[in-house]
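Engineer: The structure is given below, and queries will be raised subsequently.
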Amino acid sequence: MSKPKQARRIGETEAQAILSNVRVSPRKLNLVAGLIRNRSAAEAVATLTFSKRRIAQQVKKVLESAIANAENNHQLDVDRLVVSRAEVGRSIVMKRFHARGRGRASRIEKWFSHLKIVVAERAQEPAAPAEQGAA
């Protein structure tokens, strides 16, 4: 016997990708995630491609994974995808020490983060009515 299938937690027009335990602080990762929130998928990929932050390339890979999930697993139209959510969360914190003067030590904290990107299909814009010629 197996467990019953879980209900889908996101909408029918959404797809997601998750990156766990990435070695960057949540504060820095949230700055990069803020660059792509509420943008079209193509524009978000272009923004991350030319970002100078180190973590931007990993965020770009997660975004491309979410886009591929939307296309292959949920048959969504790639041209109408929008980054609806880019959530950043805390993960573990490695604690190290740094030797200081007079035999003392100070603590160094190495933060890890989680990233979840959800892309959604934007509703189809209604086509503009055809212009009627002057009568």
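The values are calculated or read from the model by the stated rules, or taken from the named source; none is laboratory data. The model shown is predicted, which means the values in this text are computed figures rather than measured ones. All Cβ positions, glycine included, derive from the backbone under ideal geometry; neighbour counts span all protein chains shown.
Engineer: Pairs only if they're at least six apart or on different chains, beta carbon under 8 angstrom, first in the range 31-42 and among the hydroxyl-bearing types (S, T, Y), second modelled with pLDDT under 95; list them, first residue then second.
Structural biologist: The qualifying pairs are S40/R122.
Conditions tested, residue by residue: (1) β-branched (V, I, T); (2) touching an Asp or Glu at 6+ places or on another chain (Cβ under 9 Å); (3) within 24 Å of W111 (Cβ to Cβ).
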| position | (1), (2), (3) |
| --- | --- |
| K3 | no, no, no |
| S20 | no, no, yes |
| V24 | yes, no, yes |
| R27 | no, no, yes |
| S40 | no, yes, no |
| S51 | no, no, yes |
| V59 | yes, no, yes |
| S65 | no, no, yes |
| E71 | no, yes, no |
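Engineer: Condition first: under 15 Å from R27 (Cβ atoms) and either touching a residue at least 24 places away in the same chain (Cβ under 8 Å) or among the small types (G, A, S) (or both). Now tell me which residues in the range 91-112 satisfy that.
Structural biologist: The initial filter retains those residues of the range 91-112 that are under 15 Å from R27 (Cβ atoms), namely 91, 93, 109-112.
Within the range 91-112, S91, K110, W111, F112 meet the criteria.
Engineer: So is A70 surrounded by 17 or more Cβ atoms within 10 Å (Cβ to Cβ), under 11 Å from the mean Cα position of the chain (by Cα) and at pLDDT 95 or above or not? Full working, then the answer.
Structural biologist: Working: surrounded by 17 or more Cβ atoms within 10 Å (Cβ to Cβ): yes; under 11 Å from the mean Cα position of the chain (by Cα): no; at pLDDT 95 or above: yes.
Spelling it out, it is not the case that A70 is surrounded by 17 or more Cβ atoms within 10 Å (Cβ to Cβ), under 11 Å from the mean Cα position of the chain (by Cα) and at pLDDT 95 or above.
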